[in-house]
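Chemist: Can you read through this structure? Questions will come right after.
Values quoted throughout were computed directly from the atomic coordinates according to the rules given, and no laboratory measurement underlies them. Remember, it's a predicted structure, so these values are computed and weren't measured experimentally. Neighbour counts are summed over all protein chains in view; Cβ atoms, including those assigned to glycine, are modelled from backbone coordinates with ideal geometry.
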Amino acid sequence: MNNFREILKKDAAFREEVKELVESGMNLPIARRNGVKPSELMKAMIGPSNEMPKAEAMINLHLRPALLIKYNKIETPDSAEVRRRLLPYIGKLESRVASVGRIEFRKIGRPFGGTGWMIGDDVIVTNRHVAKLMANKKGNTITFVKNALGETVEAFIDFKEEYIGKDMATPQFEIPIEKVLFIADDVKTQPDIAFLKIGKHSKTPQPIPLSDTTLQKDQYVSVIGYPAYDPDAIISRTAASNVFNDIYGVKRCSPGEIMEYVENAWYFFHDCTTLGGNSGSVVLDNQTGCAVGLHFMGEVKKENYAVKSAEIIKYLRKIKTKVYIRSAPVKKEDDEETGEPSLEAPPESYDDREGYEETFLGARFKVPLPAVVKNKENALTFNIDGKPTSELKYHHFSVVMNKLRRMCSFSICNIDGQQSKRGVARVIWKRDSRVPADVQIIKECYGNPPKFSRGHMTRKEDPIWGDLKMARSACADTFHVTNAVPQMQPFNAPVWLALEDYALENARQDDMKITVITGPIFHNDDPIKFGVKIPVEFFKIITFIHDGTGKLCATGYTVSQEDYLKNEEFVYGEFKTYQVSIKSLEAKTGIDFGRLADIDPIKGEEAISTALMSVEDIVFY
């Protein structure tokens, strides 16, 4: 991590932010939490280096935070300037979080040794010095090491290991490492790099694409990995404690910049905050979300080193592994969230869409399509084969539109967890030609901040099941603007975004099927932004056969962006999710959800809503 004095010297925006907070007595938030006074920060800023290590650590961490990651979502940084720089790209960074894991060992003296990340369909990349903890290389032969008892070490990569709270178990998702494919020679001319083959798994994360473009000094990057206190490293325990608050070995994102890029070297320098466990971490370009480097060494308050992505590509080709490359940054007009929608397909191209299936959970557990009963004249109707209907059918989900608000009243989806596919690419947003263009919001309120993101109602991950062709078509269907509602950038609601995944864990394990209804809650006093009435509240209902009871289960939830619409300072904050009664949702939305209110464990329209701190707080029965 760069010394804060160097950052403040070259960066006027950070200099003004820190100066205003410290001199006014407001203090840096992290310093306030750690009992460091503004006067101590001022002394550290003007005094000799290393005289006040804790105060210096607070300033360093304000400028170059090491942000915890929970449920694949990056924690809110304290600095308004860091938020401003991360905000437009947070979605791209978070899309890579699931592909980074912690390399762990069994039958050896240490539980884990570093970080690795998906670089091929079943290949991860890490450092040579991490791989050598588990494997010996003699010539071209690589074998796993044995312990003192003669047992062969076992290695895994855990793609979770997130800190979700004190005294709470960290989530885990382990896949065995089956083979060490390649370890670079330990010479100065070769990069600190190794490739490992992992076992097959239905939910293996997708590879992170590599950038082959030349990097620039001061380019914004972020490191995602597992910083851990390493007694063999050059950092002191005191420095590590000050920077990481004694929370080690869990997934973090550390934003920073490229300090130096030398054309003829296989490495470059960056100033992101790291520790020993970050060995093997991915260095991402913030703008594209592509990997630009592999972190391999660093020293707090000095500099960090990373292997260039061009070197990774070169060595991947040597072992004849498929390489995922993006050759140029995403252009503004091609951005998935804010760019121009593509041209719509002709109406007849939708003839094969079967839409939502009412008996998806079984004939005895039929869940009818919800019905708009309040202000039903606002429900958009159109003709299919000469017959009027309000249901826009897509692959595995359906949408009902509100023509007055020009967005969906709800989207309802069938999810089959056993047939789920991974790694299906995003596409450009598009209109649906079956309904008039003037009832579809194209771009008025969508764009870069302070405009809004196109928030999926049916998540792109949810209908992606079946054979690969069907999965790709279903993914593309979710990128119709009929399935989008304006949401703040980024919509950072960890529990809300994890609801479907958690429900699948509790669903009947012989088929792992759930039905999800999602939509906005329209209020007459919703604020108007950029000429569009913006919903401040959203609902979700999840229905499935509970694995424990064998009965149909239905639960309701809400999340609001009202506070963030009122106060731009909190635009990056975390949205709170509540479990509420389905009866209350019927009253709020004017939608009849049929039998679901009767089987809801939370009864009555006036039932008290419960804020969910984690998915484990959900009451299913």
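Chemist: Regarding the chain, what are the three Cα extents along the principal axes, ordered largest first, in Å?
Modeler: So the three principal-axis extents are 73, 61, 46 Å.
Chemist: Using amide H atoms built in the peptide plane, which far-off residues or other-chain residues are under 5 Å from Met407 H to H?
Modeler: So Met407 has HN proximity to Asn402.
Chemist: Right, another one. Based on the mean of other beta carbon atoms within 10 Å per residue, what is the order of 393-404, 68-79, 34-45, most packed first?
Modeler: With the highest mean Cβ count within 10 Å placed first, the list reads 393-404, 68-79, 34-45.
Chemist: Can I ask one more? Explain nothing, just the number: relative contact order of region 334-617, from Cα pairs under 8 Å at least 6 residues apart, as a whole percent.
Modeler: Computed over region 334-617, the figure is 18 percent.
Chemist: Between Leu392, Pro535, Ala587, whose Cα lies farthest towards the positive end of the dipole of region 334-617 when Lys and Arg beta carbons carry +1 and Asp and Glu beta carbons carry -1, centred on the Cα centre?
Modeler: Of Leu392, Pro535, Ala587, it is Leu392.
Chemist: Next up: Once every DSSP H run of n ≥ 4 in the chain is given -39500 (n - 2.57) and the sum is divided by its residues, what mean residue ellipticity at 222 nm do you get, rounded to the nearest 500 deg cm²/dmol?
Modeler: After summing the helix terms and dividing by residue count, I get -5000 deg cm²/dmol.
Chemist: Counting only DSSP beta bridges with both residues in the chain, what percent are antiparallel, rounded to the nearest 5?
Modeler: DSSP beta bridges in the chain are roughly 95 percent antiparallel.
Chemist: May I pose another question? Choose one of Ala425, Ser211, Val153: the residue whose Cα lies farthest towards the positive end of the charge dipole of the chain (beta-carbon charges +1 Lys, Arg; -1 Asp, Glu; about the Cα centre).
Modeler: Farthest towards the positive end: Val153.
Chemist: Please give every one of the lysines within straight-line cross-link reach of Lys376, meaning a C-alpha to C-alpha distance under 17 Å, and leave out same-chain neighbours fewer than 8 residues apart.
Modeler: Within reach: Lys403, Lys588.
Chemist: Sticking with this structure for a sec: Going toward the positive end of the dipole of region 334-617, with +1 on Lys and Arg Cβ and -1 on Asp and Glu Cβ, which of Thr478, Ala611, Met488 do you reach last?
Modeler: Thr478
Chemist: Ok, one more. Given H placed on each backbone N at 1.01 Å, which residues far from Met297 in sequence or on other chains put an amide H within less than 5 Å of it?
Modeler: Long-range HN contacts for Met297: Tyr305.
Chemist: Follow-up. Arrange the peptides 54-65, 510-521, 83-94, 20-31 so that the one whose residues have, on average, the most other Cβ atoms within 10 Å appears first.
Modeler: Most protected by this proxy first, the peptides run 54-65, 510-521, 83-94, 20-31.
Chemist: Place a +1 charge on the Cβ of each Lys and Arg in the chain and a -1 charge on the Cβ of each Asp and Glu, then give the dipole magnitude about the Cα centre in debye, rounded to the nearest 20.
Modeler: 1080
Chemist: Please report, in debye to the nearest 20, how large the charge dipole of region 334-617 is about its Cα centre when each Lys and Arg carries +1 at its beta carbon and each Asp and Glu carries -1 there.
Modeler: 440
Chemist: Under 1.5 on a/c is rounded, so check that first for region 512-621, then, if it is not, pick prolate when a/b is larger than b/c and oblate when it is not; a ≥ b ≥ c are the square roots of the alpha carbon gyration tensor eigenvalues.
Modeler: Details: a/c = 2.32, a/b = 1.71, b/c = 1.36.
It is prolate, given that a/c is not under 1.5 and a/b is the larger ratio.
Chemist: Semi-axes of the equivalent ellipsoid for region 4-63, please: Cα gyration tensor eigenvalues, times 5, square-rooted, ordered largest first, whole Å.
Modeler: 15, 14, 10
Chemist: In addition: Mind scanning Lys251/Lys451; Lys393/Lys460; Lys393/Lys533 and naming the pairs with a C-alpha gap bigger than 22 Å?
Modeler: In this structure, Lys251/Lys451; Lys393/Lys533 lie more than 22 Å apart at Cα.
Chemist: Lysines near Lys551 by alpha-carbon distance under 19 Å, same-chain residues fewer than 8 away left out - which ones?
Modeler: Counting by Cα, and skipping residues close in sequence, Lys551 has these lysines nearby: Lys366, Lys513, Lys603.
Chemist: Sticking with this structure for a sec: Taking the Cα atoms of region 89-220 alone, what are Rg (to one decimal) and Dmax (as a whole number) in Å?
Modeler: When restricted to Cα atoms, region 89-220 yields Rg and Dmax of 16.2, 50 Å.
Chemist: Just from the alpha-carbon atoms, what are the Rg and Dmax of region 334-617 in angstroms?
Modeler: In order Rg, Dmax, the Cα atoms of region 334-617 give 17.8, 51 Å.
Chemist: Right, here's the next one. Assuming a viscosity of 1.306 mPa s and a temperature of 10 °C, what translational diffusion coefficient in µm² per second does Stokes-Einstein assign to region 98-163, Rh being the Kirkwood radius over Cα pairs?
Modeler: 126
Chemist: May I ask you to list the lysines whose Cα is less than 19 Å away from that of Lys314, ignoring any residue fewer than eight positions away on the same chain?
Modeler: By straight Cα distance, Lys314 reaches Lys188, Lys197, Lys322.
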